[in-house]
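Notes to accompany the following structure.
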Amino acid sequence: MIMPQLNISIIGRNQAAESIFTLLKHNYFESASLNNDSQLAHAELIIETENLERHEKINNLKRIDGLGSQGATILSSTLQWTATEVASWLTHPERLVGFGAFADVGQSQLIEIAPGLQTEPQHLQLAKDQLKLMGKEIEMVEDEAGLVYPRILSLIINEAIFALAEGTASAEDIDNAMKKGTNYPDGPLEWAEKVGIDNVYAVLNGLYRQLGEERYRPASLLRKLVYAGWTGRASGKGLYYYEQQRLNHSSNYQNV
Amino acid sequence: MEGVNKVAVIGSGTMGAGIAQVAIQNGYSSILYDIDQQQLAKAKAQVFKRLERLVEKGRILDEESIQAKEKLMVTTDLKSLEKVDLVIEAAPEKLDIKKSIFHQLNDICSPETLFATNTSSLSITEIAGYIQDPSRLAGFHFFNPAPLMPLVEIVQGISTNQDTINRLKDFAEKIHKYPVVCQDTPGFIVNRVARPFYNEALRIMNDQVASVEQIDRIMKKAGGFKMGPFELQDLIGIDINLATTRTVYSSFYGENRFRPHYYQERMVQAGRLGRKTEGGFYDYASAEH
């Protein structure tokens, strides 16, 4: 059976949204739109990508609820909240499916999706079919903040940031140790800059709140980087910039 | 201060033999020491066999293999380490063994000798206290298998001086390893930062968020890891992996992030240790995995 490409609208002001938009254009989804309210009513699949601000996410969902067709399937990123919680903000929660969306989601070979408790099978099927048309492999996992890859990677990155903040080693040595000592494809600190330091923070924050355990506590430095807007490649500043600043500062203070 | 010319390696287990091989292949006369004569003979034969295999595979010339072999000496007498510039200790991970070795070496070697320990789990600062001048000792942590893995963690104890670190960095580069420098903290860099890769995967699996197979596929295809966390535990040995986690956890005095998962312990209790027992998270007995 040949699956038709549906009319897709993307809502979200972040790299994940742009990355998916690029992917759709690349796969000839001609009618795809990005943050275009006038297109929402025609969309059969709406992809929503806010990971950081809860009120922003709620606003996105309310907008989709108001302007979009009530029958449209919604694929919403669930790094910080479960699909079940995000779905609860909708008039018709059964049409929402969660998915994992780091900044580089468009480039990855595989995407994880997770139905909420309320999700009905036809919406899950539609989301799967359209992701396949975008050239993605799919794994369906249970609904928990951060799913699998964003969760495990965020914990690795958090540990690397703890080590950096404690002065265990330089950023470069931490990254190289993980690449050369255990064959990681990227060092955790450079990886954080690629997927978005704010997204890593979102996953940890979500797990910390959902599961209430000390092990998910974001490193203090990670929080500070988010407040400073040093969230990685998107902003041009991240962990390496932080380290350089710290070195400059300490030599400046010595001169005072 | 002069560089390193002559090296000694203490302990002829897998790690010690591997380190000695790296040293002689890079032109360093090396003495391999062990208390056990038989183990020493076995280690020497192993190193020679590996060198010969490298010749067969065309990785090194026959001449190079012969030269390397000539540079290896073995001994059960610690006193023959009198004239070495660098001692790399790779004895079993027991403090009393290391203490006794360094106490003796302190009297045997010259005050210029550089001391290094290949420990992966013990405190460098504590071991440095076994020699009179603790500024001369640092951690020098290789990864298994030592001849193949490019990384060495150079670990600075509280008393280790910068000159010791610099000389070990220089030596690491001469033997074609990639050195990183870190402070004397539990698990150093790699064993610490890698913990969540295994621990969180176990947690996700046990909480029924995703299966073993799914988690491995996701980490490889979404994350680009070469192996998934469960495949890798099977390769390393689930018992070895659990032991490392336990050590890091207790060295951090019970920091929640490092708490081992009971399911991993169940696997060990069941004797399912991974590839070496033909079964761990996957089965290896009948079919090729």
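The values are calculated or read from the model by the stated rules, or taken from the named source; none is laboratory data. Because the structure is predicted, anything quoted here is derived from the model rather than measured. Every residue, glycine as well, gets a Cβ built from its backbone with ideal geometry; the counts of neighbours run over all protein chains shown. Side chains are part of the model used for accessible areas, which takes the heavy atoms of the whole protein and leaves out ligands, DNA and RNA. Shrake-Rupley method; radii C 1.70, N 1.55, O 1.52, S 1.80 Å.
So, in the stretch B:186-207, how many residues would count as being farther than 16 Å from residue A:152 by Cβ, open to solvent by 30 Å² or more (accessible area, probe 1.4 Å) and either without any contact (Cβ under 8 Å) to a residue 40 or more places away in the chain or assigned to a loop (DSSP other than H, G, I, E, B) (or both)? Working first, answer last.
Restricting attention to the stretch B:186-207, the residues satisfying the condition of being farther than 16 Å from residue A:152 by Cβ are B:186-191.
Right, trim to open to solvent by 30 Å² or more (accessible area, probe 1.4 Å) and you get B:186, B:191.
Checking the rest, the ones that are also either without any contact (Cβ under 8 Å) to a residue 40 or more places away in the chain or assigned to a loop (DSSP other than H, G, I, E, B) (or both) come to B:186.
Residues that pass the stated criteria total 1.
To keep it simple, each residue is scored yes or no on (1) within 7 Å of another protein chain (Cβ to nearest Cβ); (2) within 28 Å of residue A:106 (Cβ to Cβ).
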{"position": "A:159", "(1), (2)": "yes, yes"}
{"position": "A:162", "(1), (2)": "no, no"}
{"position": "A:165", "(1), (2)": "no, no"}
{"position": "A:169", "(1), (2)": "yes, no"}
{"position": "A:178", "(1), (2)": "yes, yes"}
{"position": "A:183", "(1), (2)": "yes, yes"}
{"position": "A:191", "(1), (2)": "no, yes"}
{"position": "A:198", "(1), (2)": "no, yes"}
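Can you tell me which residue is modelled with the lowest pLDDT among those in the stretch A:182-205 that are in contact with a Phe, Trp or Tyr (Cβ under 6 Å, 6 or more places away or on another chain) and open to solvent by less than 10 Å² (accessible area, probe 1.4 Å)? If you could, list the steps in order and put the result at the bottom.
Let us first name the residues in the stretch A:182-205 that are in contact with a Phe, Trp or Tyr (Cβ under 6 Å, 6 or more places away or on another chain), namely A:195, A:199, A:204.
Checking the rest, the ones that are also open to solvent by less than 10 Å² (accessible area, probe 1.4 Å) come to A:195, A:204.
Working: A:195: 93, A:204: 98.
In this case the residue turns out to be A:195.
Would you check which residues across the stretch A:8-43 are in a helix (DSSP H, G or I) and under 13 Å from residue A:130 (Cβ atoms) and list them? Talk me through it step by step, then tell me what you get.
The first filter runs over the stretch A:8-43 and keeps only residues in a helix (DSSP H, G or I), leaving A:15-26, A:37-40.
Correct list: A:20, A:23, A:24.
Quick one: which residue in B:251, B:211 is of a type in the set (Ser, Thr, Tyr), touching a Pro at 6+ places or on another chain (Cβ under 7 Å) and farther than 17 Å from residue A:213 by Cα?
Values: B:211 fails: touching a Pro at 6+ places or on another chain (Cβ under 7 Å).
Only one candidate passes the filter, namely B:251.
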**Message:** Among the residues that make up the stretch B:127-136, is at least one of them in contact (Cβ under 8 Å) with a residue 40 or more places away in the chain and not in a strand (DSSP E or B)?
**Reply:** no
**Prompt:** Of all residues in the stretch A:214-256 being open to solvent by 40 Å² or more (accessible area, probe 1.4 Å), at pLDDT 90 or above and in a loop (DSSP other than H, G, I, E, B), which is farthest from residue B:200 (Cα to Cα)?
**Reply:** A:230
**Prompt:** Does at least one position in the stretch B:120-131 carry a residue that is modelled with pLDDT under 95 and within 14 Å of chain A (Cβ to nearest Cβ)?
**Reply:** yes
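Please pick out the residue among B:254, B:271 that is open to solvent by 30 Å² or more (accessible area, probe 1.4 Å) and within 12 Å of chain A (Cβ to nearest Cβ). Explain how you work it out, then say what you get.
Working: B:271 fails: within 12 Å of chain A (Cβ to nearest Cβ).
Among B:254, B:271, only B:254 is open to solvent by 30 Å² or more (accessible area, probe 1.4 Å) and within 12 Å of chain A (Cβ to nearest Cβ).
Listed here are the residues, each with its yes/no results for (1) under 15 Å from residue B:261 (Cβ atoms); (2) facing another protein chain (nearest Cβ under 7 Å); (3) of a type in the set (A, V, I, L, M, F, W, C).
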{"residue": "B:209", "(1), (2), (3)": "yes, yes, yes"}
{"residue": "B:212", "(1), (2), (3)": "yes, no, yes"}
{"residue": "B:226", "(1), (2), (3)": "no, yes, no"}
{"residue": "B:233", "(1), (2), (3)": "yes, no, no"}
{"residue": "B:245", "(1), (2), (3)": "yes, no, no"}
**Asked** What residue, among those in the stretch B:241-289 that are hydroxyl-bearing (Ser, Thr, Tyr), part of a loop (DSSP other than H, G, I, E, B) and modelled with pLDDT of 95 or more, is farthest from residue B:188 (Cα to Cα)?
**Response** B:282
**Request:** Provide a single number: the residues in the stretch B:43-71 that are outside any loop (DSSP other than H, G, I, E, B) and surrounded by 14 or more Cβ atoms within 10 Å (Cβ to Cβ).
**Result:** 15
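Suppose we keep only residues that are part of a helix (DSSP H, G or I) and under 19 Å from residue B:101 (Cβ atoms) within the stretch B:19-42. Which one would you say is most open to solvent (accessible area, probe 1.4 Å)? Reasoning before the result, please.
Kept after step one, since they are part of a helix (DSSP H, G or I), are these residues of the stretch B:19-42: B:19-25, B:37-42.
Now narrow it down to the ones that are under 19 Å from residue B:101 (Cβ atoms): B:19-20, B:23, B:37, B:39-40.
Numbers: B:19: 3, B:20: 2, B:23: 3, B:37: 115, B:39: 52, B:40: 2 Å².
Checked the stretch B:19-42; the qualifying residue most open to solvent (accessible area, probe 1.4 Å) is B:37.
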